[in-house]
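Chemist: Let me begin by handing over the structure; questions about it come next.
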Protein chains: 2
Amino acid sequence: MAQRKPTITDVARTAGVSKGLVSFALNDKPGVSPETRKRILDIAGDLGWRPSLSARSLSTSTSYALGLVIRRKAEVISADPFFPAFIAGVESVLAEEGRALVLSVVPDAAAELRSYRTLAGDNRVDGVFLTDLRNADERFGLLAELGLPAVALGRPDPAVPFPSVQLDDTRGIAEAVAHLASLGHSRIAHVAGDPHMMHGGRRRSSFDDAMRDAGLDPALVVETDFSASSGADATRRLLDDVRPPTAIVYANDPMAIAGLGVAQQRGLRVPHDLSITGFDGTDISGYVYPALTTITSDPVEWGRVAARSLLELVASGSVDSVELPPASLLIRASTGPAPSHRGSDAAHS
Amino acid sequence: MAQRKPTITDVARTAGVSKGLVSFALNDKPGVSPETRKRILDIAGDLGWRPSLSARSLSTSTSYALGLVIRRKAEVISADPFFPAFIAGVESVLAEEGRALVLSVVPDAAAELRSYRTLAGDNRVDGVFLTDLRNADERFGLLAELGLPAVALGRPDPAVPFPSVQLDDTRGIAEAVAHLASLGHSRIAHVAGDPHMMHGGRRRSSFDDAMRDAGLDPALVVETDFSASSGADATRRLLDDVRPPTAIVYANDPMAIAGLGVAQQRGLRVPHDLSITGFDGTDISGYVYPALTTITSDPVEWGRVAARSLLELVASGSVDSVELPPASLLIRASTGPAPSHRGSDAAHS
DNA sequence: CCGCGAAACTAAACCGGTATAGCTTGACCC
DNA sequence: GGGTCAAGCTATACCGGTTTAGTTTCGCGG
């Protein structure tokens, strides 16, 4: 019963035509009469014919797959809520296009470059997504050398020689700072991400800008690697200051949650004594206490759009950059009036 | 400068032999004299020859890739810290074997089955990992029909017709219950996972067993879908009871964190009024306040072992099931003596 | 010194598609 | 009525490996 998968030759034989013609018919190429084309398609359907991916790959040297290389240490990978959601978005598009996603998780820069080389050399993917853009990114040159199409994720930047799917996350930071300033906060700190990553640096500089716009001093900034533990460390450092901040803007949710933990451990009430904002709008951020005021983007949609862009780029050789709706502030319970505006409760702790 | 990738024919030509012989030499097949073999290998190395994956796939009908299908809705995928870590473990093994991981994220059962069919039909992967085992799992029959090798993740179960990589998570639950009982808790509740998933049901039944072993009544159980929001709901339900529990054992960390949030919102102090345990030992669980007592497994190692098993299964046609070190209790700050043992503070709230 | 078998190697088929060159056929034009 | 051209189709090369059948070479026993 379970017989061999039919090949294009089987279709040709039963249709009484050459296999070349079958190939034309199936790929909507000219040179086939409408009746014959229909007959061939019908027969292919009846036989349950499905093209062989490897045969097609061999003759067209395309793989019908896209690649995503994530450079992140195994210990901290779970802390980043962006990727699973992004991948889910990518998949929703690829599934209906019959494409697959090849994922590669690597611990360091050397392995990362090796991974791109292998993906390209093995012709395993037709294009790749470029995330976590860094300043002076070594990948730009490599991908150009390999001739691998790529779509970058992040803000437009003249230094990025690829089409990109952009999301303005600076607006969210600006909103957060404005929100806090309007609540009377003046000592607002920023727990920044990795300065070597573009989004880390960008969020930081937009923090600087927003602070200056509010007439405040953006001096309280601590750099981290985006991990929860570094977020906790940074928080401790800030709170140990002789004049600790009354509000902290974190560059991602896990760090904000860790910061919340540190504050509570020290007996500070949030937002009574300290206001906190996160970044990402992760599921869990709505369920901690107090629920986190955070800056939301839509990583699922980001994945969808990026997938469509990369497919387009692979198919046509070029694609326009896309700008997604900017990240915006979601105000929940972790932000409130600055302590000094209600008295000096915090001093008693 | 950047010239065409050398093919096996190029190697054969420069070595002055037939390409068949080159293939033999490169694959360690008999019928090649030692000197000739060395010469061929040297030349292949000099030329920088790398076999073409698609050509090899076509003639051997193997893809040198493994598949992982994750069935999870886009909105909740980020809540599950297991997969990123598991994938990182898988990748660490695949990278050194020159294999790739093809990932598929699907929202529902129909898409899941379609995904396996496509992966197999396209010969996109040589084998798959089977996670989130369910009772009467439809995938078992499908994979058998497709002839796709699979390694299951979970506890051994006679109903699972595949070799598996097992981790005894019941022991952790038992330890958690014993720990709480020894602290004087008697009204211990369980926020269980999805009962249709094997690990959900298993954790629940091991909770039942552990409670009975401690001479307690395992009546307070709420079933969820493992998401943070359902964990919060379940917690509210339990705390609304006329005789609320003094300790809650959660089936995963995100639900425990959400539960912690609910408790704090109601003015309950953890662990003073309510003890809480999580499950998974996620990074973030150590940074909430109070730090979560949780049951730790090692998903990265799980991924490594599973990858090795599946590779072995694909290569040799069979592999023994593997048992990993059992999950164990990591006691942190979210568990403490039962309220009644210190007085009736909780009653005042 | 012949015959035989194994070792070393070659030639060619094969996997299942795509792409190109060439062959028929019929319509159209002058 | 012969020439031209396009449409429709066939035959075949090709992608780059693997694998099988067949050929040459050589050592060795009788």
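Chemist: Report yes if A:Leu41 is facing chain B (nearest Cβ under 9 Å) and out of contact with any Gly (no Cβ under 8 Å at 6 or more places or on another chain), otherwise no. Working first, answer last.
Modeler: Working: facing chain B (nearest Cβ under 9 Å): no; out of contact with any Gly (no Cβ under 8 Å at 6 or more places or on another chain): yes.
No.
Chemist: Considering only region B:102-116, I want to know if a residue exists there that is in a helix (DSSP H, G or I) and among the charged types (D, E, K, R).
Modeler: Here is the first cut: in region B:102-116, the residues in a helix (DSSP H, G or I) are B:109-116.
Right, trim to among the charged types (D, E, K, R) and you get B:112, B:114.
Checked region B:102-116: at least one residue is in a helix (DSSP H, G or I) and among the charged types (D, E, K, R).
Chemist: Pairs needed: first member in region A:271-284, within 13 Å of chain B (Cβ to nearest Cβ); second member anywhere, at pLDDT below 95 and in a strand (DSSP E or B); C-beta distance under 6 Å; at least 6 residues apart or different chains.
Modeler: From region A:271-284, the pairs are A:Gly281/A:Thr296.
Chemist: Another question, if that's okay. Would you mind telling me which numbered condition in (1) within 14 Å of chain B (Cβ to nearest Cβ); (2) part of a loop (DSSP other than H, G, I, E, B) A:Gly141 fails?
Modeler: Result: A:Gly141 passes all but (2).
Chemist: Just for region A:99-121: of the residues that are closer than 20 Å to A:Leu311 by Cα and within 7 Å of chain B (Cβ to nearest Cβ), which one is surrounded by the most Cβ atoms within 10 Å (Cβ to Cβ)?
Modeler: Looking at residues that are closer than 20 Å to A:Leu311 by Cα and within 7 Å of chain B (Cβ to nearest Cβ), I get A:Ala100.
Chemist: Let me ask another. Criterion first (crowded, with 20+ Cβ neighbours inside 10 Å, acidic (Asp, Glu) and at pLDDT below 95) does B:Asp132 satisfy it? Outline the logic, then answer.
Modeler: Numbers: crowded, with 20+ Cβ neighbours inside 10 Å: yes; acidic (Asp, Glu): yes; at pLDDT below 95: yes.
When the stated conditions are applied, B:Asp132 passes them.
Chemist: Something else: So which of A:Gly267, A:Gly317, A:Gly281 ends up being in contact with an Asp or Glu (Cβ under 8 Å, 6 or more places away or on another chain) and on the phi > 0 side of the Ramachandran plot? Steps first, please.
Modeler: Values: A:Gly267 fails: in contact with an Asp or Glu (Cβ under 8 Å, 6 or more places away or on another chain); A:Gly317 fails: in contact with an Asp or Glu (Cβ under 8 Å, 6 or more places away or on another chain).
Exactly one of A:Gly267, A:Gly317, A:Gly281 is in contact with an Asp or Glu (Cβ under 8 Å, 6 or more places away or on another chain) and on the phi > 0 side of the Ramachandran plot, namely A:Gly281.
Chemist: Among the residues of region A:1-38 satisfying the criterion of being farther than 29 Å from B:Leu146 by Cα and away from DNA strand C (no atom under 13 Å from the Cβ), which is surrounded by the most Cβ atoms within 10 Å (Cβ to Cβ)?
Modeler: First, the residues of region A:1-38 that are farther than 29 Å from B:Leu146 by Cα: A:16-18, A:20-21, A:24, A:28-38.
If we keep only those that are away from DNA strand C (no atom under 13 Å from the Cβ) as well, we get A:16, A:34-38.
Numbers: A:Gly16: 10, A:Pro34: 7, A:Glu35: 8, A:Thr36: 16, A:Arg37: 18, A:Lys38: 12.
Within region A:1-38, the match that is surrounded by the most Cβ atoms within 10 Å (Cβ to Cβ) is A:Arg37.
Chemist: Right, another one. Within region A:68-86, can you find the residues that are closer than 19 Å to B:Gly303 by Cα and at pLDDT 85 or above?
Modeler: A:Leu68, A:Val69, A:Ile70, A:Arg71, A:Arg72, A:Lys73, A:Phe83, A:Pro84, listed by residue number.
Chemist: Hey, another quick one. Given the conditions (1) assigned to a loop (DSSP other than H, G, I, E, B); (2) aliphatic (A, V, I, L, M); (3) out of contact with any Leu (no Cβ under 9 Å at 6 or more places or on another chain), which single one is not true for A:Ala333?
Modeler: All conditions pass for A:Ala333, except number (3).
Chemist: Assuming B:Met255 fulfils every condition listed in (1) buried (at least 24 other Cβ atoms within 10 Å of the Cβ); (2) in contact with a Pro (Cβ under 8 Å, 6 or more places away or on another chain) apart from one, which condition is it?
Modeler: With respect to (1) buried (at least 24 other Cβ atoms within 10 Å of the Cβ); (2) in contact with a Pro (Cβ under 8 Å, 6 or more places away or on another chain), B:Met255 is out only on (2).
Chemist: Filter region B:215-262 down to the residues that are within 12 Å of chain A (Cβ to nearest Cβ) and among the polar types (S, T, N, Q) and list them by number.
Modeler: Matches in region B:215-262: B:Ser227, B:Ser229, B:Ser230, B:Thr235, B:Asn252.
Listed here are the residues, each with its yes/no results for (1) among the hydrophobic types (A, V, I, L, M, F, W, C); (2) touching a Leu at 6+ places or on another chain (Cβ under 7 Å); (3) away from DNA strand D (no atom under 14 Å from the Cβ).
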position	(1), (2), (3)
A:Ser18	no, no, no
A:Leu58	yes, yes, no
A:Arg71	no, no, yes
A:Ala79	yes, no, yes
A:Ala88	yes, no, yes
A:Ala95	yes, no, yes
A:Arg99	no, yes, yes
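Chemist: If you scan region B:51-91, which residues turn out to be more than 16 Å from DNA strand C (Cβ to nearest atom), in a helix (DSSP H, G or I) and more than 7 Å from chain A (Cβ to nearest Cβ)?
Modeler: Restricting attention to region B:51-91, the residues satisfying the condition of being more than 16 Å from DNA strand C (Cβ to nearest atom) are B:65-91.
Narrowing the set further to residues that are in a helix (DSSP H, G or I) leaves B:77-79, B:82-91.
Selection gives B:Phe82, B:Phe86, B:Val90.
Chemist: Restricting to region B:122-138, what's the tally of residues that are away from chain A (no Cβ under 13 Å) and closer than 17 Å to B:Leu313 by Cα?
Modeler: Residues of region B:122-138 that are away from chain A (no Cβ under 13 Å), as a first pass: B:127, B:130-138.
With closer than 17 Å to B:Leu313 by Cα added as a condition, the list becomes B:127, B:130-131.
Number of matching residues: 3.
Chemist: What single numbered condition from (1) free of Cβ contacts under 8 Å to residues at least 60 places away in the same chain; (2) under 21 Å from B:Ala65 (Cβ atoms); (3) within 16 Å of DNA strand D (Cβ to nearest atom) fails to hold for A:Asp42?
Modeler: (2)
Chemist: Does A:Val221 satisfy the criteria of being under 29 Å from A:Phe86 (Cα atoms), crowded, with 23+ Cβ neighbours inside 10 Å and not assigned by TED's automatic domain parsing to the domain that holds A:Val305?
Modeler: On the way: under 29 Å from A:Phe86 (Cα atoms): yes; crowded, with 23+ Cβ neighbours inside 10 Å: no; not assigned by TED's automatic domain parsing to the domain that holds A:Val305: yes.
Against the criterion (under 29 Å from A:Phe86 (Cα atoms), crowded, with 23+ Cβ neighbours inside 10 Å and not assigned by TED's automatic domain parsing to the domain that holds A:Val305), A:Val221 does not qualify.
Chemist: Going by what's in this entry, would A:Leu153 be described as in the same structural domain as A:Leu274 (by TED's automatic domain parsing), touching a residue at least 40 places away in the same chain (Cβ under 8 Å) and surrounded by 22 or more Cβ atoms within 10 Å (Cβ to Cβ)? Outline the logic, then answer.
Modeler: On the way: in the same structural domain as A:Leu274 (by TED's automatic domain parsing): no; touching a residue at least 40 places away in the same chain (Cβ under 8 Å): yes; surrounded by 22 or more Cβ atoms within 10 Å (Cβ to Cβ): yes.
Taking the combined requirement at face value, the residue does not satisfy it.
Chemist: State whether one or more residues within region A:164-174 are in contact with a strand residue (DSSP E or B) (Cβ under 8 Å, 6 or more places away or on another chain) and in a loop (DSSP other than H, G, I, E, B). Before the answer, list the steps.
Modeler: Here is the first cut: in region A:164-174, the residues in contact with a strand residue (DSSP E or B) (Cβ under 8 Å, 6 or more places away or on another chain) are A:164-169, A:171-173.
Add one more test, that the residue is in a loop (DSSP other than H, G, I, E, B), and what stays is A:168-169.
Within region A:164-174 (the criterion being in contact with a strand residue (DSSP E or B) (Cβ under 8 Å, 6 or more places away or on another chain) and in a loop (DSSP other than H, G, I, E, B)), the answer is yes, since at least one residue qualifies.
Chemist: Also: I'd like to check which strands (runs of 3 or more DSSP E) are fully inside region A:228-320 and have at least 2 residues that are more than 21 Å from the chain's Cα centre (by Cα). I'd like the intermediate steps shown before the answer.
Modeler: Details: elements: A:247-250, A:275-277, A:294-296.
Ranges flagged: A:247-250, A:275-277.
Chemist: Quick check on my filter: what residues within region B:121-138 are assigned to a loop (DSSP other than H, G, I, E, B) and in contact with a Ser or Thr (Cβ under 9 Å, 6 or more places away or on another chain)? Spell out the reasoning first.
Modeler: We begin by selecting, within region B:121-138, every residue assigned to a loop (DSSP other than H, G, I, E, B); these are B:122-126, B:131-133, B:135-137.
Result: B:Asp122, B:Asn123, B:Arg124, B:Val125, B:Asp126, B:Leu133.
The values are calculated or read from the model by the stated rules, or taken from the named source; none is laboratory data. Keep in mind that what you see is a predicted model, and the values were worked out from it rather than measured. Every residue, glycine as well, gets a Cβ built from its backbone with ideal geometry; the counts of neighbours run over all protein chains shown.
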